[in-house]
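Here is the structure we will look at.
Bear in mind that the values in this text are calculations on the coordinates, not laboratory data. Because the structure is a prediction, the values reported are computed rather than measured. Cβ sites come from the backbone with ideal geometry, for glycine too, and all protein chains shown count toward neighbours.
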Amino acid sequence: MKTDERHRTIAEILRRQPEVSVEELMQACAASGATIRRDLEVLAGHGVLRRVHGGARSLIGHGQNPGYGQRELEDRDAKKRIAAAVAGLLVQGDHVWLDSGSTATEVARAALGRELTLMPMSLQALNAAAGGDNAGGARPALLLPGGSVVPGELCFRGPLAESNIRSLRFDTAVVTPCAVDFHDGLLAHDLDDAAVKKAGLESAARVVVAASAAKWQANARVLVAGLDRVDVIVTDRQFSARDKAELEKYSVEVVSV
């Protein structure tokens with residue numbers, strides 16, 4: 001099993017149970033104890049888990065949002081497909097507001113080579129849009145929202161960020177909700193995140209939602225906006241006939257990846 005596969009396996013196990021031993025991980029990953037211990041040190045450094053004697057402990061409390069390091073390991077292929085599809089919806093020269101989170105970081109990477117003006121809401125997305133190996137190629141022009149930076153998440157929050165977002169008008173807002181619900185719409189885990197998301201989508205002419213299938217089963221408490229405010233949903237979820245009928249009520253375009 002390759003390193004990234006072991007890391008995803010360890011993260012998935014700690015999604016399901018609060019603690020795991022090195023011996024259990026050796027069996028699950030078909031790896032030596034020394035390899036597993038190195039993996040745990042790396043993942044602890046990325047905020048995926050807490051190292052404890054003989055194993056690791058999950059950082060996910062009941063009802064809490066997993067840390068950025070753990071989310072980055074999950075549904076990676078789906079997020080890349082979603083990001084590529086979102087980038088394909090952006091028109092050259094567009095001014096784009098980009099939400100925070102691991103899916104948003106993938107969108108920033110996919111936007112490399114596009115002539116856009118981009119306001120990313122996290123330092124991860126900022127670095128992805130500014131970096132890469134696109135030497136000599138086009139990169140998005142970057143606007144910074146200001147505000148405070150949340151430790152671990154490295155996303156911009158607070159009244160200053162909200163005010164700066166609302167002072168501009170964007171062609172497209174790319175929103176990455178913490179959860180999506182047919183009844184309530186787009187949701188976030190906390191009030192500060194919801195406020196920033198609201199500022200972004202309310203300042204844009206078009207709202208594109210990027211949400212992996214897992215977001216449709218996720219739990220979040222703070223309402224951001226109803227589905228009637230969404231123009232396009234890009235997702236890997238397979239919708240039933242009943243789901244499609246629900247979406248048709250809102251005239252939402254669905255892009256399946």
note = For the range 90-200 the translational diffusion coefficient, Stokes-Einstein from a Kirkwood Rh over Cα pairs at 37 °C and viscosity 0.692 mPa s, in µm²/s, is roughly 233 µm²/s
note = Amide H proximity to Ser122 below 5 Å, modelled H, separation 5+ or other chain, gives Phe156
query = Is it possible to state the helix-based mean residue ellipticity at 222 nm for the chain, with each DSSP H run of 4+ residues giving -39500 (n - 2.57), the sum divided by total residues, to the nearest 500 deg cm²/dmol? What is it?
reply = -11500 deg cm²/dmol
query = If you take the Cα Rg of the range 77-133 and divide it by 2.2 N^0.38 Å, with N the number of residues, what do you get?
reply = 0.98
key: Whole-Hz ³J(HN,Hα) from phi, Karplus 6.51 cos²θ - 1.76 cosθ + 1.60, for the range 171-178, glycine and proline x   = 6, 9, 10, 9, 9, 10, x, 6
request  = Would you grab the residues whose amide H sits under 5 Å from the one on Gly185? Only those 5+ places off in sequence or on another chain, please, with H modelled 1.01 Å from N.
outcome  = Leu227
ask   = Binned at 5 Å from 0, what are the whole-percent values of the Cα-Cα distance distribution for the chain, short to long?
value = 1, 6, 13, 17, 17, 16, 12, 9, 5, 3, 1
task = For the range 3-63, just the Cα atoms, rotate onto the principal axes and tell me the three extents in Å, largest first.
result = 33, 23, 20
key: Distant-in-sequence amide H partners of Gly147 (H built 1.01 Å from N, under 5 Å)   = Ala161
inquiry  = Sort 244-257, 114-127, 93-106 by the packing proxy (mean of other Cβ within 10 Å over each peptide's residues), most packed first.
reply    = 93-106, 114-127, 244-257
query = For the range 215-224, what does the Karplus curve 6.51 cos²θ - 1.76 cosθ + 1.60, with θ = phi - 60°, yield as ³J(HN,Hα) per residue in whole Hz, taken in order and with x for Gly and Pro?
reply = 5, 7, 10, 7, 10, 8, 10, 10, 6, 9
